[in-house]
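The values are calculated or read from the model by the stated rules, or taken from the named source; none is laboratory data. It should be emphasised that the depicted structure is a prediction, and the values quoted were computed from it without experimental measurement. FYI the Cβ positions are ideal-geometry reconstructions off the backbone, even for glycines, and counts take in every protein chain you see. Note: accessible area is taken over every heavy atom of the protein model, side chains too, but ligands, DNA and RNA are not part of it. Shrake-Rupley method; radii C 1.70, N 1.55, O 1.52, S 1.80 Å.
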Amino acid sequence: MQAITINANEWSDAGHAVNHLYDILYMMGRDDVAVGVGGDGGISSAGDVRPDVGGYLPLIDQGMSTAGGCRYRQAIPSGRGGRLDVDTNSGVRRGFLPQGSRGYRPLRQPTAQRVMADTLSAGPTTVILLGAHTNLALLLMTHPHLRRNVERVYVSGGAVRVPGNLFTASAANPAAEFNFFGDPFSAYQVLHSGVPVTMIPLDATNTIPVTEEFYAEFRRRQSTYEAQYCFQSLDEVLARQMRRTGDGHANTASPNPPFLILGYYMWDSFAAGVALSSMRHGETGGVNEFAELEYMNITVVTSNEPYGARDGSNPFFDGRATPKFGLQEGGVHSGHVQTGVRDAFCLVPGGNRGRCEDGYTKEVSGPEAVRVYVATRAKPNTDKNSSLNREFFKSFLEVLNLPENAGRFNISTQFPHYREILYKPDFRNVSRGKPVIFDMDMSPGDFVALIYLLKEPREVIDLKAVLVSGNGWANIASIDIVYDVLHMMGRDDVPVGLGNTTSLGNPTLGCKKIYAIPHGSGGFIDSDTLYGLARSLPRSPRRYMSENLDHPERQQPHAYDVWQSVRKQLGPGEKITVLTSGPLTNLANISLSDIDASSVIERVYVVGGNIRDSDHDKGNVFTVPSNRYAEFNMFLDPLAAETILESSLNITLIPLTVQRKVASFEGILAALKQHTQHTPESRFVHGLISLLQELQRKQKLYHHMDIFLGEVLGAVYMVQGSNLEPSVKVKRVSIVANTTESTDGQILGRRKSANLLKILYNLNNGVYYNHLANSLANNKQSAVVGSFEEQKAIWSRPQKQFMANIAKDMK
């Protein structure tokens, strides 16, 4: 194993995936293995491929930035049952894996293209491809001289003589398999590149489903950490997926073994096994231990007939005098390209199986045919006395449990005094202030605001809950960072509610509006890692846990469930103050689901929106240049913004104009530096803001970092109010919603609007900066465990005295 690169445009998100992989390699003692992910290069309209294209988008949609839509990726759910569960490994990842010194760092993370090129330049290399083909296709297109060093590519995916597996999109495309559907044109480039290819498609993997016997044997044989981790990972998937009975076994119709666990197969692990067996016994001439293989003539369908019909679906041809990449007019790439899971062209009226074939690995003859070595079925176990029905099952369990090259430890055995401790303050003798719910989209500014709220005296602010949305600046799996901040501050009593991952009124499969957030530098990869600083936080025992019928008490609560719980806890006459910093999706869903919500909401502070008093008051949606006046939080869900801002709720708006007045790196950092004594949280905030400033100065991709500074203002103004010497105006406004991307999210003045909003226009900047700094540096309500390094030190020594000190602090 020389290197690993991460496919970032399908089942996982780059920031979560790269740190997950670093932790696995650390457990296995393989920090020598290079890891590549992402990159910020682009492809020009003329088809020129710039260095280090990140592979966040399929080639057909790749432009000069990493922002973009989800033509194919929308087939993968972004929340539960999809990327959320993959990014977190259903909660197993943080509950099991140790954490080493390697982790994502902005501008320092090796890119996928760099790692691939360096590895192949060193000599002949075998590539095992488990995912979409984007990274490898880009490498072969930009470094054609390296093709001679690719000994063979083993590809997991495709469906030749069996139906595809797009369970979310079969009504449009019944032929494709997920890995090929993730980027059909890239898959075509790989198969047609001239490098030798062995494919392990659904034809073969359909013959190796997980069985009850395999599951039972796996549960019995877990003598290494990697075996334990793999079993727990599989168990979480099966707990969600298979039919359950009271004793936890699969509920199957057939009384005869082997019992199949419905819907789950040994896809990628089987493909890796076939690859390794071929490498041991001969690429094509030798006998493969695990699979039967044969040659087939195959191509990858990239567009649908009739070819040459320009209908707006195909950026390679539409609106262009010359096709991109020199493609042939009227050729196999020139037809209709599937635009999404509900593409009208693909749907067949009255049927449930569509007519599109994008990503279909099709047997053909003639010039389009490529000779590919294809696995057709899994071989039976030669040991007739074994309960395992496949030869690969036997090898899989043997290899995972080998003492050689075994994992060194997990998170609990790495430290002699490891314990999971929940820190909950003692409020019995403390008067508590106004109940507050903080609704955040987990941008860096939101985390500063959260820390500030946790620092304010409990007699002033009683933080009842945090809600997170997954359609803003971070992917929903970043909820674990929220748990870590609460743990650091000794507030494991605060519930965290999981919000939606799509905007109001839109299906769960899609990326409407969120396409405006870059995937690469300055976007999701940074937010999902808190710009590389999330791993410096102490690790909370609380984390996202997927739905599990065996352990319903561990399940992650939804935002609405948390809202209902907080509401039930209110005393007579008490009302909730809501602070929102992100799209208004969560609050809109609560308002629409709980018709009496407004009766228990005292006030809503909304961070966002752009009030246009002149044409010079521009918005900040920099990735959509046609929309000059919208602000991100409104643009990302304009219908939710309309639902809330035009309701009868008592609303104070903290718009972009006043946020910009306090978005000064120098102002905040100077105020923090005035203090001679610092708390762990003030040091963390100083480090985060200093990093954002440095990135903005170094790299144009981070030009927008100051927009996150203004987001902190909402929390400070909610607490301090008149102490900031504010200037407030009252206006009637309306929101432009569900029109076009060039106007959605804009705020317009309206004389006859239903609701009057209080709008913060100005304040005393110096007072604001000094108060924020003073609060963060105050020793009261300071961090219980200041960092992961401090946590490791605690786990390395007896904890009796430490726990006594904690108990004292909690009082």
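Observations on the model:
- Lys/Arg +1, Asp/Glu -1 at C-beta; the chain dipole; positive extreme among Leu422, Asn620, Gly571: Gly571
- The loop-placed trypsin sites (Lys or Arg not before Pro) in segment 728-787, going by DSSP, that have at most 16 neighbouring Cβ atoms within 10 Å of their Cβ come out as Arg750, Arg751, Lys752, Lys780.
- Normalising the Debye intensity of segment 434-796 to I(0), with uniform scatterers on Cα atoms only, and taking log10 at q = 0.07, 0.08, 0.12 Å⁻¹ returns -0.27, -0.36, -0.85.
- Surface composition of segment 434-796: carbon and sulfur make up 48 percent of the accessible area, probe 1.4 Å.
- Relative contact order, percent, segment 63-166 [alpha-carbon distance under 8 Å, six or more residues apart]: 22 percent
- Cα gyration tensor of segment 597-667 - equivalent ellipsoid semi-axes, whole Å, descending: 24, 16, 10
- Rounded to the nearest 10 Å², the accessible area of Ser591 at probe 1.4 Å: 40 Å²
- Unit Cα scatterers, Debye sum, the chain: log10 I(q)/I(0) for q = 0.05, 0.11 Å⁻¹: -0.28, -1.33
- The residues of segment 434-796 expose, per residue, 34 Å² of accessible area to a 1.4 Å probe.
- Tensor-based shape of segment 654-714 (alpha-carbon gyration tensor, a/c under 1.5 rounded, otherwise prolate or oblate): oblate
- Share of pairwise Cα separations in segment 119-237, more than 18 Å, in percent: 62 percent
- Residues with amide H under 5 Å from that of Tyr761, placed H, sequence gap 5 or more: Ser727, Val728, Lys729
- Over segment 523-590, equivalent-ellipsoid semi-axes from the Cα gyration tensor in Å: 27, 20, 13
- Around the Cα centre of the chain, unit charges on the Cβ atoms of Lys, Arg, Asp and Glu (plus for the first two, minus for the last two) sum to a dipole of about 1640 debye.
- Among the trypsin sites (Lys or Arg not before Pro) within segment 293-389, those in coil by DSSP and having at most 11 neighbouring Cβ atoms inside 10 Å are Lys384.
- Ranked by the mean number of other Cβ atoms within 10 Å per residue, highest first, peptides 132-141, 612-621 order as 132-141, 612-621.
- Dividing the Cα radius of gyration of segment 268-308 by 2.2 N^0.38 Å, with N the residue count, gives 1.71.
- Rounded to the nearest 500, the helix-only mean residue ellipticity at 222 nm of the chain stands at -8500 deg cm²/dmol, with each DSSP H run of n ≥ 4 adding -39,500 (n - 2.57).
- Above 23 Å, the calculated P(r) of segment 317-413 contains 64 percent of its Cα-Cα pairs.
- The Cys residues in the chain with no partner Cys Cβ within less than 4.7 Å of their Cβ are Cys230.
- Ranked by the mean number of other Cβ atoms within 10 Å of their residues, highest first, the peptides 559-571, 72-84 come out as 72-84, 559-571.
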